[in-house]
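Bear in mind that the values in this text are calculations on the coordinates, not laboratory data. Remember, it's a predicted structure, so these values are computed and weren't measured experimentally. Cβ sites come from the backbone with ideal geometry, for glycine too, and all protein chains shown count toward neighbours.
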Amino acid sequence: MKNYIVKRLLWMIPILIGISFFAFVLINLSPSDPAEVAIRVNEITPTAENIAQMREQLGLDDPFMTRYLTWLSNALQGDFGNSYANNKPVGEEIAKALPPTLYLAGVSLLIIVVVSVGAGVLCAVKEDSITDKTMRAIVFVGTAIPGFWAGILLMWLFAVKLKWLPTSGMTTPVAVLLPAVTLSLGYIATYVRLIRNNMIHNKRENYVLYGRVRGLKEQTIMKHVFKNSLQTSLTALGMSIPKLIAGTVVIENIFAWPGIGRLCVTAIFNRDFPMIQAYVLIMAVLFVFCNLLVDLGSVWIDPRRRKEA
Amino acid sequence: MAGFWKRFRNDNLAMGVSLFLLMVITLAILAPLLAPYDPTAQNIIDKFQGPSLTHWFGTDQLGRDVFSRILFGGRVTILVSVLTMVVTIVIGTVLGVMAGYFRGTVDDVIMRICDIMLSFPSEVLILAIVGILGTGITNIVLATVIAKWAWYVRMIRSIVIQFMDSNYIRFAKVAGCSTGHIVRKHLLVGAIGEIAVLATLDTAAIILNISALSFLGLGVQPPTAEWGMMLNEAKNVMTTNPGQMLAPGMAIFLVVAAFNFLGDSIQEALNPKINRGFKTKRYSLLDSLFGRKKVVTE
């Protein structure tokens, strides 16, 4: 177990270096000159003179590795440079936008867990009943419906037609409901399916037969089946968390949610390179750490692997 | 393979879905011939008309014919997605077969590169690349290919490795067949079914992805018709004309559902063993709608 953790943690070093390098190189692969973009977005006509000045200001004339190391050491201190669009520090902008995104993703996660565990277990226990079949039809719709379409349909129904909830923004405490439900739809479909199929698979195992022979209560047996079915779902859920946070991009834009997804899309329109770079770096690091937690968690949860590792 | 076609043909739903997709793709290709109106021709006097004989799906906020826009939009959405899928699957197959066939150093190098690519969530990678290259449909295709190829390589490599262990490939090797011959005549023929399943299911995901990006305004630029972008325009007039959201959303939903379905059916026709336990029972529609293949009965 210890060896495995140490090895897994050491593996993080090359991955993190690789990611930071990639996020840095990406901007340098851009077909347009960052200095020119930085001038253009402020609606100043670029001339040879002010481009040279901007290059100097952005440090673009330094050797590649020097620029990378400067950028990295600044980034580690939370300084991602200034936005090309409004000249505000990117780090601050992101720090402001991160809590709403995490809040939205957190509420979605809660909805996903509660609904998919509930529905998944119900479907598996009442396998092939009307409930199961109806649920599976709903789930099927959930996997094929585009999230943004579901989003605007829900918005129309609950905000425009029924006026129960606000259309957009983070004005009232209930405002999070519509975006969170929209965000969770696709995931719920996946997890209901996963939990249901895992449980049905487990129900056909020998230990269940043995439990029945022993005369255990159906409820007790189901509890064991449920526990044994959770592992793959937990792994998948861990992997979904960064995807959930990244997936807020579309939802935040529909519901005008003031998070980093919206920040990122605005940055793309403005060709605001430092902002895009910071977004990519932060999301990738988040993704890598979530993977780490999932890997360690799945070893810890499974006694067989705990011994092995 | 013969058994596969027989099972596939006997699956009514699979045939229905295939026909539907064939029809949709034909409509998309023939859009310029079939569309009753120019998809970008504005006629502001006739805006927001309901469905009628002259305008089957009504008209939008600029008085453009929605039916024509759906046809032309399908051209962009479906054809671009299929193209993206073909490019990724070709890259994935070439590198995946190389890694799985030769193993050793080739495998290590390819797989380490894949590991790095896969440590970025693909959504973020796509946004990053579109951010660098700028908005537009070409850039979105490029970004999707760059973000997805590594995943395909990994999947196809694992399929190939599975086949490399089979006796007939070993026999071909012992019999002295050339690498090219084994790959073409044995490996690819064997793996093609599973690759097709991957490709079909992923086309659905790519359609969702590309239309989402267009919805955000990062993909197709107006006035070109595209389903995701049509929904974006519909969103702006949602309070007054909610009906505008129906046609493009339904179009995406049906095509995505059909591709998901087709993927499941191909998989089932390939591996009938998986649900042998159900052979005697005729599926209900809902059964076939979802999850048949996942029900494991040993």
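Taking H as built 1.01 Å from N, whose amide H comes closer than 5 Å to the amide H of B:R103, not counting residues under 5 places away?
Sorted by chain and number, the residues that satisfy this come to none at all.
Mean Kyte-Doolittle hydropathy of 1.6 or higher plus an axial Cα length of 27 Å or more: which whole DSSP H helices in chain B meet both? Walk me through the numbers before you get to the answer.
Working: long enough: B:66-102 (52 Å, 1.85); B:137-164 (38 Å, 1.23); B:188-215 (39 Å, 1.76); B:246-270 (36 Å, 1.39).
Helices meeting the criterion: B:66-102, B:188-215.
What percent of all Cα-Cα pairs in chain A falls in each 10 Å bin, counting up from 0?
Values per bin, smallest distances first: 5, 20, 25, 23, 16, 7, 3, 1, 0.
For peptide A:135-148, compute the average count of partner chain beta-carbon atoms within 10 Å of each residue's beta-carbon. Display every interim value, and only then the final one.
Working: counts 2, 5, 5, 1, 3, 8, 4, 0, 6, 13, 7, 14, 3, 12.
Counting Cβ atoms of other protein chains within 10 Å of each residue's Cβ and averaging gives 6.
When you look at the Cβ of every residue in B:211-218, what mean number of other chain Cβ atoms sits within 10 Å?
Numbers: counts 3, 8, 3, 1, 9, 10, 4, 5.
The shielding value for this peptide is 5.
Relative to the first principal axis of the alpha-carbon coordinates of chain A, what is the inclination of helix A:273-301, with its axis defined by its Cα atoms, in degrees from 0 to 90 and to the nearest 10?
30 degrees
Just grab the label-to-label distance for A:E205 and B:Q162, each label 7 Å out from Cα along the Cβ direction, in nm (one decimal).
In this crude label model, A:E205 to B:Q162 measures out at 2.2 nm.
Give the average, rounded to an integer, of partner chain Cβ atoms located within 10 angstrom of each Cβ in A:62-74. Mind showing how you got there, number by number?
On the way: counts 0, 0, 0, 0, 0, 0, 0, 0, 0, 0, 0, 0, 0.
The per-residue average across the peptide is 0.
Compute the long axis of helix A:90-125 from its Cα atoms, compare it with the longest principal axis of the Cα atoms of chain A, and write down the angle in degrees, 0 to 90, nearest 10.
So the inclination is approximately 20 degrees.
Can you give me the angle between helix A:130-144 and the longest principal axis of chain A, using Cα atoms only, in degrees from 0 to 90, rounded to the nearest 10?
20 degrees
Per residue of the range A:179-195, in order, report the coupling 6.51 cos²θ - 1.76 cosθ + 1.60 (Karplus, θ = phi - 60°) as ³J(HN,Hα) in whole Hz, putting x for Gly and Pro.
So the Karplus estimates, Gly and Pro as x, are x, 5, 5, 4, 5, 7, 3, x, 5, 4, 4, 4, 6, 4, 4, 5, 5 Hz.
How high is the relative contact order of the range A:236-309, in percent, with contacts defined as C-alpha pairs under 8 Å that are six or more residues apart?
Working: 43 pairs, mean separation 22.7, N = 74.
Reported relative contact order: 31 percent.
Sort A:133-142, A:149-158 by the packing proxy (mean of other Cβ within 10 Å over each peptide's residues), most packed first.
So the peptides A:133-142, A:149-158, ranked by packing, come out A:149-158, A:133-142.
Return a whole-number percent for the relative contact order of chain B, with Cα pairs under 8 Å and 6 or more residues apart as the contact set. Mind showing how you got there, number by number?
Numbers: 375 pairs, mean separation 61.6, N = 298.
Value for chain B: 21 percent.
Does the protein assembly as shown classify as rounded, prolate or oblate by the C-alpha gyration tensor (a ≥ b ≥ c root eigenvalues; a/c under 1.5 gives rounded; else a/b over b/c gives prolate, otherwise oblate)?
rounded
Taking only the alpha-carbon atoms of the range A:64-178, what semi-axes of the equivalent ellipsoid follow from 5 times the gyration tensor eigenvalues under a square root, in whole Å, largest first? Walk me through the intermediate numbers first.
Working: eigenvalues 342, 89, 34 Å².
Output for the range A:64-178: semi-axes of 41, 21, 13 Å.
Can you order the peptides B:253-265, A:246-258 by their average number of other Cβ atoms within 10 Å per residue, highest first?
Values: B:253-265: 21.8, A:246-258: 24.4.
Most protected by this proxy first, the peptides run A:246-258, B:253-265.
If a/c stays under 1.5 just call it rounded; otherwise compare a/b with b/c (prolate if a/b is bigger, oblate if not). Do that for the range A:242-295, with a ≥ b ≥ c from the square roots of the Cα gyration tensor eigenvalues. The partial results should precede the final answer.
Details: a/c = 3.73, a/b = 1.49, b/c = 2.51.
It is oblate, given that a/c is not under 1.5 and a/b is not larger than b/c.
Using a simple spin-label model with points 7 Å from Cα along the Cα→Cβ vector, what separation in nm is obtained for B:N12 and A:W300?
Taking the simple label geometry, B:N12 and A:W300 are separated by 5.3 nm.
Would you please put B:126-133, B:244-251, A:213-220, A:103-110 in order of how densely packed they are, using the mean number of other Cβ atoms within 10 angstrom per residue and starting with the highest? Walk me through the numbers on the way to the answer.
Numbers: B:126-133: 24.2, B:244-251: 22.0, A:213-220: 9.5, A:103-110: 19.4.
The packing order, highest mean first, is B:126-133, B:244-251, A:103-110, A:213-220.
Quick one: how many lysine pairs in the range B:2-290 have C-alpha atoms under 23 angstrom apart, if they're 8 or more apart or on different chains? Write out the running numbers ahead of the final one.
Values: B:K6/B:K185; B:K6/B:K273; B:K6/B:K279; B:K6/B:K281; B:K47/B:K235; B:K173/B:K185; B:K273/B:K281.
Lysine pair count for the range B:2-290: 7.
Counting only residues 5 or more places away or on other chains, whose amide H sits under 5 Å from the amide H of A:N82 once H atoms are built in the peptide plane?
Residues meeting the amide H criterion: A:V90.
Please compute the Cα-Cα pair-distance distribution of chain B with 10 Å bins starting at 0, giving whole percents from short to long.
For chain B, the binned pair fractions read 6, 23, 27, 24, 14, 5, 1, 0 percent.
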